[in-house]
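**Q** There's a structure below that I have some questions on.
Here, each number is a calculation from the coordinates, and none is a lab measurement. Since we're looking at a predicted model, the values are computed, not measured. When we count neighbours, we look across all protein chains shown, and the Cβ atoms used for this are built from the backbone with ideal geometry, even at glycine.
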Amino acid sequence: MIRPISLFLTVLLLFSFTACNTPKEKSTKDGTTTEESSYEPIDTTAYNQKLISLANGDTTGKWPVKNQPYPLAGAILPHSRIVAFYGNLYSKRMGALGEYAPKEMWAKLNKEVKAWETADPTTPVIPALHYIAVVAQGDAGKDGKYRFRMPEKQIDSVFTISRMGPENTLIFLDIQVALSKIQDELPLLEKYLKLPNVHLGIDPEFSMKTGAKPGTKIGTFDAVEINYCSQYLAKLVKDNNLPPKVFVVHRFTQGMVTNYKNIKLHPEVQIVIDMDGWGEPELKKGTHRNYIHKEPVQFTGFKLFFKNDLKKSPNRMLTPEELLKLKPQPIYIQYQ
């Protein structure tokens, strides 16, 4: 049952983010009317030029990705870069989103946004809160699935925090399925994903196909499961006249994503493969080269860890300027 405050927040957010994007009615020859999106159509020439720019001089032929569909109007990528803080409100150890009080968190996120705007003035930056809505855990729980679904009141709190930032702030809901299945977890978040500013993340690291407890081994998602998610999102976009959804898939090993060539692209969904490993700068760049660059899907992301990246010499994080030298350049940046 939706609690009154949850319903109020949902209605308020839906109104505030769709007020400028209400479908228009278009007359047809037979006198009937159909809904027409009010989003401006994309400039395909500018889109292609930006993809070439993101490829950053790559000469392997892998980037930009060939034969990808043009997105529907209202797409965020590639003309804007997303800079997100990741975490969960129940834990100070899972990322900056839960570690700091909201005002302090926003001060830190705004600082990173400005750093990226300075490093790449050609690409506007959109802030985001990347919230783990389904958390893998060591406790099996009543159903033995080793995952904890966040209560609606906590998800609603993330929306409240998001309104402390700029009006264009995005929210990502991330799923760690553990011993559950993505087909059982994703539909439970549908009412939030129907909102224009809410997007999706999934984490193969905690998809435990062997039945092992999460955290003891690195899990995996196949193209079949990734396609399920993108098809689900595509239908939401079409049915609700939404702008395209951004869909983030975390990765830092070969086995975390299998059969990447079978991943299907849709005009309604923009897929980001996010380099999610931590460590010293050269290790992270090697992981990007081996598992992100070599197996192109559509767009790329890169995660930076405020603590774990500092554990080994030279005890520093990669800078925006350094990440902009990668081939391809990441268009989604996540801080944990």
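**Q** Collect the residues in region 232-246 that are outside any loop (DSSP other than H, G, I, E, B), closer than 18 Å to Phe299 by Cβ and either without any contact (Cβ under 8 Å) to a residue 24 or more places away in the chain or out of contact with any helix residue (DSSP H, G or I) (no Cβ under 6 Å at 6 or more places or on another chain) (or both), keeping them in residue-number order.
**A** Pass one, region 232-246, residues outside any loop (DSSP other than H, G, I, E, B): 232-240, 245-246.
Next cut, closer than 18 Å to Phe299 by Cβ only: 233-234, 237, 245-246.
Across region 232-246, the qualifying residues are Leu233, Ala234, Val237, Val246.
**Q** To continue, here is another question. Is one or more of the residues making up region 192-212 surrounded by fewer than 21 Cβ atoms within 10 Å (Cβ to Cβ), of a type in the set (D, E, K, R) and closer than 20 Å to Val237 by Cβ?
**A** Checked against the condition, which is being surrounded by fewer than 21 Cβ atoms within 10 Å (Cβ to Cβ), of a type in the set (D, E, K, R) and closer than 20 Å to Val237 by Cβ, region 192-212 yields at least one hit.
**Q** Go through Lys285, Lys312, Lys264 for me and flag whichever is charged (D, E, K, R) and either in a helix (DSSP H, G or I) or touching a Cys at 6+ places or on another chain (Cβ under 8 Å) (or both). Steps first, answer last, please.
**A** Details: Lys312 fails: either in a helix (DSSP H, G or I) or touching a Cys at 6+ places or on another chain (Cβ under 8 Å) (or both); Lys264 fails: either in a helix (DSSP H, G or I) or touching a Cys at 6+ places or on another chain (Cβ under 8 Å) (or both).
Sole residue among the options that is charged (D, E, K, R) and either in a helix (DSSP H, G or I) or touching a Cys at 6+ places or on another chain (Cβ under 8 Å) (or both): Lys285.
**Q** Among (1) crowded, with 18+ Cβ neighbours inside 10 Å; (2) in contact with a helix residue (DSSP H, G or I) (Cβ under 8 Å, 6 or more places away or on another chain); (3) touching a residue at least 24 places away in the same chain (Cβ under 8 Å); (4) more than 30 Å from Ala234 (Cα to Cα), where does Glu99 come up short?
**A** For Glu99, the exception is condition (3).
**Q** Mind counting the residues in region 166-188 that are surrounded by 19 or more Cβ atoms within 10 Å (Cβ to Cβ) and either within 23 Å of Met256 (Cβ to Cβ) or of a type in the set (Gly, Ala, Ser) (or both)?
**A** Looking only at that region, the number is 12.
**Q** Is there a residue in region 273-282 that is more than 21 Å from Met94 (Cβ to Cβ) and part of a helix (DSSP H, G or I)?
**A** yes
**Q** Moving on to the next point. What number of residues in region 264-277 are free of Cβ contacts under 8 Å to residues at least 40 places away in the same chain and in contact with a Leu (Cβ under 9 Å, 6 or more places away or on another chain)?
**A** Of the residues in that region, 2 qualify.
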